[in-house]
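*Asks:* Structure below; questions to follow.
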Amino acid sequence: MATANSAKSLYIQVILGVLIGAALGHFWPSLGVQMQPLGEAFIKLVRMIIAPIVFVTVVVGIGKLSDAKEVGRIGLKAIIYFEILTTLAMFIGLIVGHVLAPGAGLNIDPKTLDAKAVARYADAPHQDVTTFLLNIIPNTVIDAFAKGEILQVLLFAVLFGLGLSRMGNERSHMVLHFLDDAGAALFGVIAIIMRFAPLGAFGAMAFTIGRYGIGALTQLGFLMLCFYITCIIFIFVVLGIVSAIMGLNILKILRFVKEEFLIVLGTSSSEAAMPTLIEKLELLGCGKSLVGLTVPLGYAFNLDGSSIYFTMAIAFIAQALNIPLSWGDYMLILAVLLLTSKGAATVTGGGFITLAATLATLNGKVPVAGMVLILGIDRFMSEARAITNLFGNTVATIFVAWWEGTLDVKRARAILDQPGKVEEAVLTR
């Protein structure tokens, strides 16, 4: 009973942290801005532990497999799913942006745009696909962990796990036992860090509202409304259909990750919820190796919310500047984004860098400087992006487990019907 109350208490505390932070930022904006270190500190604490958790989870999972081909099969299925869903998300964003036309009527003269405001994004070196793939290989193993490059850590973990699986059970048992115990300790660290989630959510929300103001929520409000509605439709319709195919209820899946939802809402960072998401999906029955592979890959390749944002933002800029785009132009945008969105997935400010790279491929038809039109509200839109990405990766991992035939659907339904038990396990593990 005590652990159940603890889980419920933390859930309530995070909600209070978000609400109090928003109030502080609104009524005392200068003080709210000063709360930024609290949010940054919490995110840094979480990021500190992500790389070792990914490493331990993947190595232990793969090390216990007898068939190395299973790793490749899981990875391939995950990539196929990611590409289909992100392409669909981009296409939905294009349709909504074209039909509702949130930028129509603004009649902004391109000559009046301040290109300096987005220069750091437009001038930033964008990774092409070749560079992105080469960067997955770390210079050294220590460098991957030191920089927190998750895909690099994932690559080493897969290779290390495959190496252990080739040694045989007797020789690898001692190493796997040690890493298994280390993993339990790392998740214990996460349970401690999660106690500071309300404080982190409070600081991040206070800074956001204090820095940009409540008024920023209404500036260009129609675009924000269209984007939020599109994300909601994607979650409940597209992800809902995927869940129904598995015989699961999307509403229960969303409830299953409600704590992670609140953390992402408060911090605007889907990474902040990654460690506990991994643990919950394992407890749901998705399998350690499968979760360890699919979730980190999803954070780089399965960005459903970001995909919707990219296409809607480009449509909005073109409409605001009275620049007509044909469906041929839209298809070109879609084709380019399928590549550029992957290359910038792990780059700081990657969303705007991706927009700049994509607009540049249109031969100047839509000026890169047009990104300044959405710069002021990008911080608020990032919350919807991160939340959609979180839900997308949750459903993706469950679907890949179902596709593999390793998910016990009846057991998963029982757990989803009583998510409190999983929350208790996460807090006390």
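The values are calculated or read from the model by the stated rules, or taken from the named source; none is laboratory data. On a predicted model such as this, the values are computed, not experimentally measured, just so you know. Neighbour counts are summed over all protein chains in view; Cβ atoms, including those assigned to glycine, are modelled from backbone coordinates with ideal geometry. When the accessible area is computed, the model is the full protein with side chains, heavy atoms only, and any ligands, DNA or RNA have been set aside. Shrake-Rupley method; radii C 1.70, N 1.55, O 1.52, S 1.80 Å.
*Asks:* Given the residues ALA244, ALA206, which is the only one that is at pLDDT 80 or above and surrounded by 15 or more Cβ atoms within 10 Å (Cβ to Cβ)?
*Replies:* On inspection, the qualifying residue turns out to be ALA206.
*Asks:* Sticking with this one: With GLU170, GLU149, GLU70 as the choices, which residue is open to solvent by 40 Å² or more (accessible area, probe 1.4 Å), at pLDDT below 75, closer than 15 Å to PRO296 by Cα and not hydroxyl-bearing (Ser, Thr, Tyr)?
*Replies:* Details: GLU170 fails: closer than 15 Å to PRO296 by Cα; GLU70 fails: closer than 15 Å to PRO296 by Cα.
So the residue among GLU170, GLU149, GLU70 that is open to solvent by 40 Å² or more (accessible area, probe 1.4 Å), at pLDDT below 75, closer than 15 Å to PRO296 by Cα and not hydroxyl-bearing (Ser, Thr, Tyr) is GLU149.
*Asks:* Among the numbered conditions (1) at pLDDT below 85; (2) assigned to a helix (DSSP H, G or I), tell me where ALA318 comes up short.
*Replies:* Unmet for ALA318, out of (1) at pLDDT below 85; (2) assigned to a helix (DSSP H, G or I): (1).
*Asks:* If you go through the range 133-146, how many residues are over 15 Å from PRO296 (Cβ atoms) and touching a helix residue (DSSP H, G or I) at 6+ places or on another chain (Cβ under 6 Å)?
*Replies:* Here the count works out to 1.
*Asks:* May I ask you to verify whether SER326 is under 24 Å from MET371 (Cα atoms) and either in contact (Cβ under 8 Å) with a residue 40 or more places away in the chain or of a type outside the set (S, T, N, Q) (or both)?
*Replies:* no
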